[in-house]
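One structure is given here, and the rest of the page talks about it.
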Amino acid sequence: MTGILTGKRILLTGVLMESSIAFHAARLAQEQGAEIILTAFPRPSLTEMAAKRLPRPDDVKVLELDVTDVAQLDGLAEAVRAELGGLDGVVHSIGFAPQDALGGNFLNTSFESVATAMHVSAFSLKSLTTACLPVMREGGSVVGLTFDARYAWPQYDWMGPAKAALEATSRYLARDLGKQNIRCNLIAAGPIRSMAAKSIPGFTELAEVWNNRSPLEWDVTDPGPAGRGVVALLSDWFPKTTGEIVHVDGGLHAVGA
Ligand code: NAD
């Protein structure tokens with residue numbers, strides 16, 4: 001079978017459950033011919049369980065990776081080299097903010113919590129990318145997930161500035177990796193009912209508003225479209241696109257009231 005990722009080796013972070021956007025990116029990547037390796041946080045068991053539901057579960061290796069752990073990041077390239085020989089793509093599908101950084105507490109959040117949100121959700125795009133760089137092939141693609149950071153959303157609080165930092169980080173990575181012909185792009189997904197989303201108080205209300213306003217119908221229970229966007233950006237079909245943010249949000253970003 002040939003697909004748009006045939007012959008490509010892809011590392012995906014963020015496969016926690018079947019509701020994870022990265023799970024669907026991994027599923028579609030396998031369907032499109034890629035060899036994949038998953039990283040797991042907080043422990044491998046959940047990711048290993050989810051991996052059993054992928055089209056070719058026996059071909060999936062799971063590595064433990066806390067993206068804030070320097071020792072684990074330092075060992076990542078060698079672990080990947082031993083498993084796959086090298087990489088053609090990396091998916092950053094990681095977000096976290098402490099509870100006091102979400103849910104309408106914006107004016108009172110401690111800097112410690114903001115720093116954690118920034119470290120895990122934004123700086124990690126740089127850390128993960130540079131950790132993988134020694135094994136990244138020329139022509140490779142890095143893809144991350146954002147929630148459109150141009151707007152102040154209800155309840156999203158410090159995840160908003162963290163996503164703004166992620167978006168800027170992606171542009172700077174695009175700037176610095178272009179010489180090696182490595183691209184860095186983001187998918188701005190609409191709301192999906194994943195574990196990360198459930199930790200945001202008021203997420204349900206936001207999700208309801210979405211489908212009332214988006215030009216295309218939006219289904220919060222379907223991470224498939226965002227996964228497709230990730231796979232498209234990993235493929236050779238966007239060879240001259242970098243530093244870009246592609247909206248997979250039913251078109252809501254394009255309309256006003
Ligand atoms: P999810 O809960 O399935 O995935 C979040 C992932 O982040 C988990 O796999 C978790 O293990 C990982 N993670 C958290 N801390 C980590 C750490 N220290 N090291 C390594 N991994 C860590 O939820 P999801 O919705 O699939 O989220 C994936 C990405 O998509 C996130 O960046 C999220 O912000 C983004 N996103 C989500 C939505 C949505 O509505 N669900 C919308 C737009 C963008």
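The values are calculated or read from the model by the stated rules, or taken from the named source; none is laboratory data. Every value quoted in this text rests on a predicted model; they were computed, and no experiment measured them. In this analysis, Cβ positions are derived from the backbone assuming ideal geometry, glycine residues included, and neighbour counts consider all displayed protein chains. Just the protein is used for accessible areas: all its heavy atoms, side chains included, with ligands, DNA and RNA removed. Shrake-Rupley method; radii C 1.70, N 1.55, O 1.52, S 1.80 Å.
Okay, here's what the table says:
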| item | result |
| --- | --- |
| Subset tally (residues that are touching a helix residue (DSSP H, G or I) at 6+ places or on another chain (Cβ under 9 Å) and either open to solvent by 60 Å² or more (accessible area, probe 1.4 Å) or outside any helix (DSSP H, G or I) (or both)) for the range 74-94 | 13 |
| Pairs, first farther than 18 Å from residue 80 by Cα in the range 38-64, second within 14 Å of the ligand (Cβ to nearest atom) and among the polar types (S, T, N, Q), C-beta under 9 Å, six or more apart | 50/20 |
| Matching residues in the range 227-244 - criterion: being farther than 19 Å from residue 122 by Cβ and within 13 Å of the ligand (Cβ to nearest atom) | 227, 229 |
| Residues located in the range 16-73, provided they are among the polar types (S, T, N, Q), within 21 Å of residue 144 (Cα to Cα) and open to solvent by 30 Å² or more (accessible area, probe 1.4 Å) | 19, 32, 68, 72 |
| Candidate set from the range 22-55 (those that are polar (S, T, N, Q) and outside any loop (DSSP other than H, G, I, E, B)); member that is farthest from the chain's Cα centre (by Cα) | 45 |
| Residues that are under 23 Å from residue 187 (Cα atoms) and either touching a residue at least 60 places away in the same chain (Cβ under 8 Å) or more than 17 Å from the chain's Cα centre (by Cα) (or both), drawn from the range 68-97 | 87, 88, 89, 90, 91, 92, 93, 94, 95, 96, 97 |
| Residues within the range 214-257 that are under 23 Å from residue 195 (Cβ atoms), open to solvent by 30 Å² or more (accessible area, probe 1.4 Å) and assigned to a helix (DSSP H, G or I), tallied | 2 |
| So residue 75, is it farther than 25 Å from residue 153 by Cα and either within 12 Å of the ligand (Cβ to nearest atom) or modelled with pLDDT of 95 or more (or both) | yes |
| Scan of the range 181-213 for residues that are more than 16 Å from the ligand (Cβ to nearest atom) and more than 20 Å from residue 124 (Cβ to Cβ), ordered by number | 181, 212 |
| Single residue of the range 1-21 satisfying the filter (within 17 Å of residue 88 (Cβ to Cβ) and outside any loop (DSSP other than H, G, I, E, B)) that is nearest to the ligand (Cβ to nearest atom) | 12 |
| Selection count where residues are touching a Gly at 6+ places or on another chain (Cβ under 6 Å) and near the ligand (Cβ under 10 Å from one of its atoms), scope the range 117-148 | 2 |
| Some residue of the range 82-95 being within 16 Å of the ligand (Cβ to nearest atom) and more than 26 Å from residue 242 (Cβ to Cβ) | no |
